[in-house]
Every structure is written in structure tokens, then in C-alpha cells.
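Asks: Dumping the structure here so I can ask a few things about it.
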Amino acid sequence: MKKICFLLICSAFGINAYGQKTIDQKVSELLSKMTLEEKVGQLVQYSGFEYATGPQNSNSATVLEEIKSGKVGSMLNVAGVEETRSFQKLALQSRLKIPLLFGQDVIHGYRTTFPVNLGQAASWDLGLIEKSERIAATEASAYGIHWTFAPMVDIARDPRWGRVMEGSGEDTYLGTQIGLARIKGFQGKGLGNIDAIMACAKHFAAYGAAVGGRDYNSVDMSLRQLNETYLPPFKAAAEAGVATFMNSFNDINGVPATANTYILRDLLKGKWNYKGFVVSDWGSIGEMTYHGYTKDKTEAAQKAILAGSDMDMESRVYMAELPKLVKEGKVDPKFIDEAARRILTKKFEMGLFDDPYRFSDDKRQKDQTNNQENRKFGREFGSKSMVLLKNQKNILPISKSTKTVALIGPFGKETVANHGFWAVGFKDDSQRIVSQFDGIRNQLDQNSALLYAKGCNVDDQDRSMFAEAVETAKKADVVIMTLGEGHAMSGEAKSRSNIHFSGVQEDLLKEIAKTGKPIVLMINAGRPLVFDWAADNIPTIMYTWWLGTEAGNSIADVLFGKVNPGGKLPMTFPRTEGQIPVYYNHYNTGRPAKTNTERNYVSAYIDLDNDPKFPFGYGLSYTQFKYSDMILSSADLKGNQTLNIKVNISNTGNYDGEEVVQLYIRDLFGKVVRPVKELKGFQKIFLKKGETKIVSFNLTPENLKFYDDALNYDWEGGEFDIMVGTNSQDVQTKRISWIK
Ligand code: NOJ
């Protein structure tokens, strides 16, 4: 008791138990010395000059001067020991010597890149995902970076949207778990550790619901939908202590997210009691004028700060407008103090006031350059992110002693493309990234031949290389075709209305198929693509996404069976673009089709089957898994009881392998309609050939809660279907009753 009183008294005086000042106290002292301009300076973030991730308008000379005079709080796209040191030196010339924060898009790895995020999500492996961010943070922090603009936790149901590659797909539960794993990975043992970087939950909010899948487009949805589907990953991130949030570009129901008081003040900083800071997206404060929400930049600055956007990334309106607005009485200075306090707190927590150069250390940078351990991990992660969509006649795995293998397609010898979008480029990329050709060559027996033909370019109409590719295929025992979309065709501002293979790749595939040779199709993409012809006609298909630095080795490990693929789709794959948005957890409607092909007066298309090409959660293995009947602890539950669900999974095939066991529920009736299925749990298990394991899940009323139309979050008693299976379509079901 005495100890508690002592601690309470200490904290009331702003000191800790050892008589040192708390961060809060230090920030207050610093704020009391700062002029209004200096405080606003902390809210300003500019991009460096060598590398831009948005429409840059830097005047480098002015920026450098502004840093020296304390008018800049943070820089993005400034990295590397030398560069960060030189910028920090400038900041330390300012009157109060407040260090800069260096932010960067460390999205799927840094020096070692890992699969694009949607591919990582396909691993359904939270441990691997967390570890990849741990490595990314270790590498990035060794290059002087303090802060990553990740994870992107936007739920996305529209594969036309290019940014699906950066997220975890369509499901709120899966997306939340993955977001949490990433934050844990980035922030490690906590801010202040030399290998921990600040994470950033983005884009707040509903960016993934852009109308028509067109990037930066508007979002119009009920608050119920917003709270139930799009906000949970953000709420969980806030609760987990993510250091920062980033605004989204879109408006939500007519109010740009950047000045959206409901999400920023009422929810994030109010109900969720979030203590980190909010950075705008690139230019999103200034863009409110284009939205038609503010008449000019002055009003944009005013609305953004009042709503709770703390830092201005590259809009250049905070410094230009806020001091004036405060002096004119249009912005209460308490809003500036609050934003500056949040930002300064993070600088203290990162230890930058103790040593502003602590992240700029040559030795650490050297150790984290081409780090072999990290690469080894990248290779494993790559192979575990691939999804086997078809393996008729068990063409895979291929024997290493196959006499002649042909690799055909525009991605076979690519190196840099394997990064996918959102990778920071380095000069040595083309030498250190493993191409698919090299990966396969390294594992194929010495006496076996690996032939190669490009066949066509990624995205044009040139068919002149077809003939050579056909001749090459004819000489082979197995043809590996590597097709898809260009690596820069998904990512920011990369929405596509046509999500087929780009250019003439499908025609090339048809020509090669005519040779009658066994074909393994590997699809390189950052999003679900539409490839109906291939899906119906090619016996073996592997979705490889973009796998990063070790791509070629990861692919070869799976092709030759060193790794048995176990990935599952984190997004539904549509049959055609016309089916979009298509997602597994839709409502039933008043006229659901009973079969996939039923058309008459039911909710269906007259020219298309109802189900998708590949469902959410789908993915095969080289082995087979058998599910026993599930056993429920009870079929009649009451109140706060726990339902236990058990199922035996046996590996009945010929390889050791991993399976992702998925648990779904359906709440049959509700105050508001409920989805036909909702993922409520999953477990990734490893089973040796012949082995059986029991998988056990628990559900409590907490898992049954939902938002009603008045935004009450609660559960209702009634009947529920409990479903367990290998993907969202292939499940066994038992009905229970659960009363309140
Ligand atoms: C714009 C993107 O939307 C955001 O995700 C990114 O972090 C910033 N640019 C900075 O590059």
C-alpha cells in the first residue's frame, strides 16, 4: 500500500520512483520553452529529396533551412546512416535542438524483402509474420529509421483496388490478428530499444472500401458496417499500443477521414483513449480542398487539427496556416499543444533526446546489409506464403532429376520484380535478388537441363516470341510457366479495371498448352487475378504472389517438394470482374440461390454462377487431410458459458504438411441480419505423414457480439451454426442454441 501511495505521489509530481522526471514531465518542460512556431514545427513532416512516395513538391534548400530553424518535426524517405546523420545534424542546430523522427514505408521487409503483405497473409502464420516484422525493424532501425508506415490494416473486398497487396485481405478477424502480429514485430520489446521502430496503423479509415476499387475514391457506408467490418483492426491496434495512426485519403460518408471528428476525436482519441499521434497521409490535409470540403488551405489546416490530425505529411499547410489561425483565435492553442505533446512524447520514448544519433550506427548498418540469417528466414517465409490452387495428377512436386525442364514466361529471369510493390530500392538489388531461373537451376540435378524462353513481355501485344517458347516447351518433360501481372501493377495508385493476366500472356499459355506437355502454372501477382481459362484447363496452378529477395529459392523449394505448400487464400478469387465485390461473409438476402447455378428469381447473375472461382481460405497441399466429425461440448448453452469445439485432423497422404483449420459461425437470426459465415478462429498445424492431432477451439459470448443499427455492441441469444473446415466453403456444420 505504501509503495502504491509513493508511486502515486511521484507520478503526481511528474517523477518516477527513482526521482527521475517522467516523459510527461519532460515534455511539459520542453513545451513551456517552445514558441508557437516551434510547436507547429513539430507537426510538420517533409519527404527527403532522393526518393518520393507521393507527388513531391520539395524545395530542398528551403526545407534544410526550415529544419535548422526548428520548423520541421519529421522527415520521411530519409534513410541510411549517413543521410539520417546529416539531417539530424541540421535539426540539432535549431534553438531547442529537438531531434527529427525519420519515417519510411517499411512495408514487407527492408534490406531483405519478404512476400508482399497479401502473400504473407496467405501463410496464416502469425509467428512468421511477426518475425518478418522483427527482422524488418532490426534492418530498418540499423539504417537510421525510427518509424514505419505499417501495418496497413485496411480490410479490402475489391481486388481491383491495387493496394490489396499491402493488406491482409478481406476478413476482419484474420486482418486484426495479422495487424497485431505486425505491430508486435515492429515494436519488439518496446519503443526505446535500439531495434524497435514505431508502427503506424493505416489508413484510418475504410480506405479499402473505395468505390469501384479505384484508389483514393470515396467511401459511403453505414456506421454499423464501418464499426463492424473496417474499424476492429484499428481498435485492436490502438489497444495494443501502436505508436501512430495514419489518416486515409478518402472521405467517409462525405467527410474526409483527415478531418473526420467521428473517427478521430470521438472514437480514436475519445472512446479508445489512444495516446499516440496521428499523421496525415501524403498531402491529405491540403487535398480536402479538392474534395470540396474546405474552401482553402487555411480552412483545411483548421479542420484537420481540430479533428485530431497531429502531423502534416507533405501538405505544407500546418506551418503556413496554423500560427496565423491561433493568433486570430480560430484555433485554440491547446490543440497545437496536444498534437506537439503526442509527437514529442514519442521522440522521448524512442530515446532520441538521450542520443539523437543512436539509430545511425555504421556497424549495425553493415551487419544488417545482406544478412544471411534474414535471407534464410525470407526463403522459408516465401515458400510458406505460396498457395497451391490445383494439382491434378500430382504433377507437383517435380523430381530434381527430371531430364528437361522448361521455364517459360516474362518473370522467369526477373530479379528486381520479385520485390513486388513497396520496396525501397538499393543499388545492388539485381545482384542479390534470386530469380526464379536461378532458384530452379540451383536445385535441379546437374545432369538435368533447364531451358528458358521469355515467350512475351509483361504487358504488350507482341507475339513474336511465342514460336521460340513453343519450341522450348516441346523439348521439355515439364513446363513451368510463370505468368501474372507486372510487379508494379498492384500497389498505391495501381487500380485495374481488368484483372486478367496482362498483355498476351494468356494467349501464350494457350499456345504452350497445345503442346500437350504437363504444365505447372505459377502466378505472380499482388492481388487476386481472374484466370478462368487457366483455372479450367491447366492441371497445376500455384499462386506465388511476389516473394521478395529469396523468391527463386522459395519457389524452387516448393516445386521440388522440399517444402510442402500450406498457404490459404486471404481473399476470395472472383470468376470475372463483374462479380466484384465478392466475399465469403456476405448476407443471405431474401432470395438466396440454393445452388450455384440457380438463376430464376434469386439473388444471382443470369450469366454467371454464384460462387467464386476459389473461395476465401482455400489452398491445397501435396498431402491430404481428413477431418473427423467435430465434437461440441454442448448443443444447448446459456449465458456466459464457453463452447468447446474439437475435431481430429489426420494426415492421410504421402507428405508431412501444414493445414490451416478454420472455424466459422453463423448467427441465424438477429436484430440486424448476420453474415452467412464469419471466421472466428483458425489454427495452423503441422502433421507428419500418418499423424493425427486434435484441434480445439473455444467460443464465448464475446465472439458472438455484433453492432446493431444503433451501434450497440452486444450478442443475442438464439441459434447458431458452428462450422469447421479446410476453407470457407468446405465445412462441416452443427447447430446449437445459446440463450442469454
Ligand atoms: C501515401 C500512402 O497512401 C501511404 O500509405 C504512405 O505511407 C505514404 N504515401 C508515405 O509514403
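The values are calculated or read from the model by the stated rules, or taken from the named source; none is laboratory data. Note that this is a predicted model, so its numbers are computed, not measured. Note that we place each Cβ from the backbone using ideal geometry, even for glycine, and neighbour counts take in every protein chain shown. In case anyone asks, the SASA skips ligands and DNA or RNA and just uses the protein heavy atoms, side chains included. Shrake-Rupley method; radii C 1.70, N 1.55, O 1.52, S 1.80 Å.
Asks: Work out from phi, with θ = phi - 60° and the Karplus expression 6.51 cos²θ - 1.76 cosθ + 1.60, the ³J(HN,Hα) of each residue of the stretch 407-416, listed in order in whole Hz, and give x for Gly and Pro.
Replies: So the Karplus estimates, Gly and Pro as x, are 10, 10, x, x, 9, x, 10, 5, 10, 4 Hz.
Asks: Of all the accessible heavy-atom surface of the chain, with the other protein chains kept in place and a 1.4 Å probe, what percent is carbon and sulfur?
Replies: The computed percentage sits at 50.
Asks: Okay, next question. What is the set of long-range amide H partners of VAL520 at a cut-off below 5 Å, with H atoms built 1.01 Å from backbone N?
Replies: Those qualifying (amide H under 5 Å, at least 5 residues apart or on another chain) are VAL479, ILE480, MET481.
Asks: Take the alpha carbon atoms of the chain, find their radius of gyration, then divide it by 2.2 N^0.38 Å using N residues; give the quotient.
Replies: 0.99
Asks: Given contacts defined as C-alpha pairs under 8 Å and at least six residues apart, what's the relative contact order of the chain, whole-number percent?
Replies: Values: 1777 pairs, mean separation 92.2, N = 740.
Across the chain, relative contact order equals 12 percent.
Asks: Please state the Cα pair-distance histogram of the stretch 235-372 with 10 angstrom bins from zero: what percent is in each bin?
Replies: Histogramming the stretch 235-372 at 10 Å steps yields 12, 36, 30, 15, 7, 0 percent.
Asks: For the stretch 602-609, what does the Karplus curve 6.51 cos²θ - 1.76 cosθ + 1.60, with θ = phi - 60°, yield as ³J(HN,Hα) per residue in whole Hz, taken in order and with x for Gly and Pro?
Replies: With the stated coefficients, the stretch 602-609 comes to 10, 6, 7, 9, 6, 10, 7, 5 Hz.
Asks: Here is a follow-up. Out of the stretch 53-119, which chymotrypsin sites (Phe, Trp or Tyr not before Pro) are coil in DSSP terms and have no more than 14 other C-beta atoms within 10 Å?
Replies: When the chymotrypsin sites (Phe, Trp or Tyr not before Pro) of the stretch 53-119 are filtered for loop state and at most 14 Cβ neighbours within 10 Å, nothing remains.
Asks: For helix 126-142, report the angle its Cα long axis makes with the longest principal axis of the Cα atoms of the chain; keep it between 0 and 90° and round to the nearest 10°.
Replies: 50
Asks: Which order, highest average first, do 463-474, 116-127 follow once you tally other Cβ atoms within 10 Å for each residue and take the mean per peptide?
Replies: Per-residue mean Cβ counts within 10 Å order the peptides as 116-127, 463-474.
Asks: Same structure, new question: Spin-label point model (7 Å from Cα, Cβ direction): what's the GLU691 to ARG463 distance in nm?
Replies: My value for the distance between the label points is 5.1 nm.
Asks: Out of GLY162, LEU101, ILE67, whose Cα points farthest toward the positive end of the dipole of the chain (charges: +1 Lys, Arg; -1 Asp, Glu; placed on Cβ)?
Replies: LEU101
Asks: Could you report the chain's accessible area per residue, 1.4 Å probe, as an integer in Å²? Mind dumping the intermediate values first?
Replies: Values: 27930 Å² over 740 residues.
That works out to 38 Å² for each residue.
Asks: I've got another one for you. Using DSSP to call loops (not H, G, I, E or B), can you name the trypsin sites (Lys or Arg not before Pro) in the stretch 164-265 whose Cβ has at most 14 other Cβ atoms within 10 angstrom? Present the calculation step by step, with values, prior to reporting the outcome.
Replies: Working: sites: ARG182, LYS184, LYS189, LYS202, ARG214, ARG224, LYS235, ARG265; in loops: LYS189, ARG214.
Those that pass, being in a loop and sparsely packed, are LYS189.
Asks: Test of the criteria: in the stretch 607-687, which GluC sites (Glu not before Pro) are in a DSSP loop and have at most 15 other Cβ atoms within 10 angstrom of their Cβ?
Replies: none
Asks: Could I ask something else about it? R0 = 60 Å: FRET efficiency of SER650 with LEU92, Cβ-based, nearest 0.05?
Replies: According to the calculation, E is roughly 0.40.
Asks: Calculate the FRET efficiency for SER628 and GLN431 from the Cβ-Cβ distance with a Förster distance of 60 Å, rounded to the nearest 0.05. Mind showing how you got there, number by number?
Replies: Numbers: r = 51 Å, r/R0 = 0.85.
The computed FRET efficiency comes out at 0.75.
Asks: Could you go through the stretch 437-444 in sequence order and give the Karplus-derived ³J(HN,Hα) for each residue, using 6.51 cos²θ - 1.76 cosθ + 1.60 with θ = phi - 60°, rounded to whole Hz, and x for Gly and Pro?
Replies: Taking θ as phi minus 60°, the curve returns 4, 5, x, 6, 4, 5, 9, 5 Hz for the stretch 437-444.
Asks: Turning to a different aspect of this structure: How big is the dipole moment of the chain about its Cα centre under a simple scheme where the beta carbon of each Lys and Arg is +1, that of each Asp and Glu is -1, and everything else is neutral? Debye, nearest 20, please.
Replies: 1440
Asks: Considering only C-alpha atoms, what is the centroid distance from the stretch 274-319 to the stretch 343-381, in Å?
Replies: Spelled out, the Cα-based centre of one part sits 30 Å from the other.
Asks: Follow-up. Can you find, among PRO323, SER248, GLN88, the residue sitting farthest towards the positive end of the charge dipole of the chain, where Lys and Arg contribute +1 and Asp and Glu -1 at Cβ?
Replies: GLN88
Asks: On full extension of the chain, what length is gained from LEU223 through SER603, given 0.36 nm per residue of separation minus the C-alpha to C-alpha distance?
Replies: Here the segment from LEU223 to SER603 would lengthen by 134.3 nm.
Asks: Can you work out the FRET efficiency for the pair ARG265 and SER69, with r the C-beta to C-beta distance and R0 = 30 Å, to the nearest 0.05? The partial results should precede the final answer.
Replies: Values: r = 31 Å, r/R0 = 1.04.
Using R0 = 30 Å, I get an efficiency of 0.45.
Asks: Across all directions of projection, what mean area in square nanometres is found for the Cα convex hull of the stretch 378-577?
Replies: So the mean shadow area of the Cα hull is 10.7 nm².
Asks: Considering only VAL660, SER737, ASN648, whose Cα is most displaced toward the positive end of the charge dipole of the stretch 621-740, charges sitting on Cβ of Lys, Arg (+1) and Asp, Glu (-1)?
Replies: ASN648
Asks: Moving on. Report, by chain and number, residues whose modeled amide H sits under 5 Å from the one on LEU569, excluding near sequence neighbours (fewer than 5 apart, same chain).
Replies: GLY617, TYR618, GLY619
Asks: Mind checking the dipole of the stretch 378-577: about its Cα centre, +1 per Lys or Arg Cβ, -1 per Asp or Glu Cβ, Debye to the nearest 20?
Replies: 540
Asks: Another question, if that's okay. Return the long-range amide H neighbours of LYS21 (sequence gap of 5 or more, or a different chain), with a cut-off of under 5 Å between placed amide H atoms.
Replies: Correct list: ASN16.
Asks: What's the angle, to the nearest 10 degrees (0 to 90), between helix 318-327's Cα axis and the longest principal axis of the chain?
Replies: So the helix axis and the longest Cα principal axis differ by about 40 degrees.
Asks: Gap in Å between the Cα centre of the stretch 119-137 and the Cα centre of the stretch 508-564?
Replies: Rounded to whole Å, the Cα centres lie 23 Å apart.
Asks: Over what distance in Å are the Cα centres of the stretch 694-721 and the stretch 172-239 separated?
Replies: 22
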